[in-house]
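Here is the structure we will look at.
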Amino acid sequence: MNPFSLEGRTALVTGANAGIGQAVAVSLARAGAHVVAAGRTPCDETAALTGGETMILDFADPMAARDAFSARPVDILVNNAGTIRRADAEEFSEADWDEVMGVNLKALFFTSQAFAKAAFARKAGGRIVNIASLLSFQGGVRVVSYTASKHGVAGVTRLLANEWAARGINVNAVAPGYVETANTAPLRADPERSKAILDRIPAGRWGAPSDIAEAVVFLASPAAAYVHGAILNVDGGWLAR
Ligand code: NAP
């Protein structure tokens, strides 16, 4: 059997309408998975690309996924949905703190909890792949709630791996570097910032969403059976500098 095949598995990807989430959905489908593309609006384009289905999950309510795993067995959960707010720390608002923490961290944990409860109830294992960030390790500037949330994602990934590894669920994360998506459009629109970033990336280019997606497929696959609590940097070498 091909240890990288996801034939016969069902995967749910949050924030799957665009960017990294859409690329993850496409790569999981290419590896053989049936993909449920979740978004706050219907992910029709992603469903067409994957031949899978779509469902609404809007993490304006971080508990939105409480029933997402009761209708169908899901083997692989990719917690990709994420948001970012930029402002100087001294001016940063409570609303920008709460919204980012709600989507990036609270929803990630409670979606994982709902997934695990459903898996344990049917005596099955599974895979959780969280999308972390370079700001799971570094401080960044003007993005305090994003940095706090992504440091939290690293910690929650390790904690859940500790609790669930022996129960058949592998919990890991991929930490993308600078990837060309809507999330980084303001950085790429600023020529100075863009050049400074590019000059520091050993690979000499920004990441593509597919670079991240293929690493997610690995962590979701039988090939990663003994990988627990890892945070896989996919950053063109940024953190090696
Ligand atoms: P993106 O295109 O902005 O994608 C973000 C996704 O999250 C979109 O599908 C978005 O849906 C969804 N989302 C935002 N708020 C939501 C909410 N309240 N409920 C449900 N879904 C929500 O940016 P991206 O770069 O692909 O980001 C995907 C993940 O990668 C995020 O976790 C991000 O932090 C992480 N990441 C990105 C980079 C990078 O360089 N691009 C680097 C490190 C980590 P809408 O389209 O409806 O807003």
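Over the chain, Cα pairs under 8 Å with separation of 6+ residues give a relative contact order of 21 percent. Compactness of segment 97-140, taken as the C-alpha radius of gyration over 2.2 N^0.38 Å, stands at 1.45.
Within the accessible area of the chain, the carbon and sulfur atoms contribute 53%, probe 1.4 Å, all protein chains present.
Against the criterion of solvent-accessible heavy-atom surface with a 1.4 angstrom probe, 58, 98 sort, most first, into 98, 58. For the chain, report the translational diffusion coefficient in µm²/s to the nearest whole number, using Stokes-Einstein at 4 °C, 1.567 mPa s, and a Kirkwood Rh over Cα pairs. D, rounded to a whole number, is 72 µm²/s. Each principal axis of the Cα cloud of segment 185-241 was taken in turn, and the coordinate range along them, longest first, works out to 43, 22, 17 Å. Note down the net charge around residue 121, summing +1 for each Lys or Arg and -1 for each Asp or Glu among other residues with Cβ under 15 Å from its Cβ. That works out to +4. Take residue 88: with every protein chain present and a 1.4 Å probe, its accessible area is about 70 Å².
Convex hull volume of the C-alpha atoms in segment 154-225, normalised per residue: 111 Å³. Accessible surface calculations at 1.4 Å, restricted to protein heavy atoms, place the chain at 45 Å² per residue. Among 43-56, 165-178, the peptide with the highest mean count of other Cβ atoms within 10 Å heads the list, and the full ranking is 165-178, 43-56. The modelled label-to-label distance between residue 190 and residue 240, using points 7 Å beyond Cα along the C-beta direction, is 2.8 nm.
Diffusion of segment 51-188 by Stokes-Einstein, at 20 °C in a medium of 1.002 mPa s and with Rh set to the Kirkwood radius over alpha-carbon pairs, works out to 136 µm²/s.
In the distance distribution for segment 1-91, Cα-Cα pairs more than 20 Å apart total 36 percent. Screening the chain for whole DSSP H helices of 15 Å or more along their axis (Cα) with average Kyte-Doolittle hydropathy at least 0.0 returns 19-30, 107-121, 144-164, 209-220. With all protein chains in place and ligands, DNA and RNA left out, the 1.4 Å accessible area ranks 144, 217 as 144, 217, largest first. Close amide H contacts of residue 178 (hydrogens built in the peptide plane, cut-off under 5 Å, sequence separation of 5 or more or a different chain): 207. Amide H to amide H, which residues 5 or more places from residue 9 or on other chains are under 5 Å from it, using H placed in the peptide plane? Correct list: 34. Stretched out straight at 0.36 nm per residue, the stretch from residue 141 to residue 70 would grow longer than its current Cα-Cα span by 21.5 nm.
Can you work out the base-10 log of I(q)/I(0) for segment 72-131 at q = 0.23 1/Å, using the Debye formula on its C-alpha atoms alone? Cα-only, vacuum Debye calculation for segment 72-131: -0.88. Accessible surface for residue 131 stands near 10 Å², nearest 10, in the context of the full protein assembly shown (1.4 Å probe). FRET efficiency for the residue 158 to residue 45 pair, using the beta carbon distance and R₀ = 41 Å, is estimated at 0.75.
So how much accessible area does residue 143 have, in Å² to the nearest 10, using a 1.4 Å probe? Probe radius 1.4 Å; accessible area of residue 143 about 10 Å².
The values are calculated or read from the model by the stated rules, or taken from the named source; none is laboratory data. Since the structure is predicted, the reported quantities are computational estimates derived from the model, not experimental observations. Note that we place each Cβ from the backbone using ideal geometry, even for glycine, and neighbour counts take in every protein chain shown. Remember, those area values only see protein heavy atoms, side chains included, never the ligands or the DNA or RNA. Shrake-Rupley method; radii C 1.70, N 1.55, O 1.52, S 1.80 Å.
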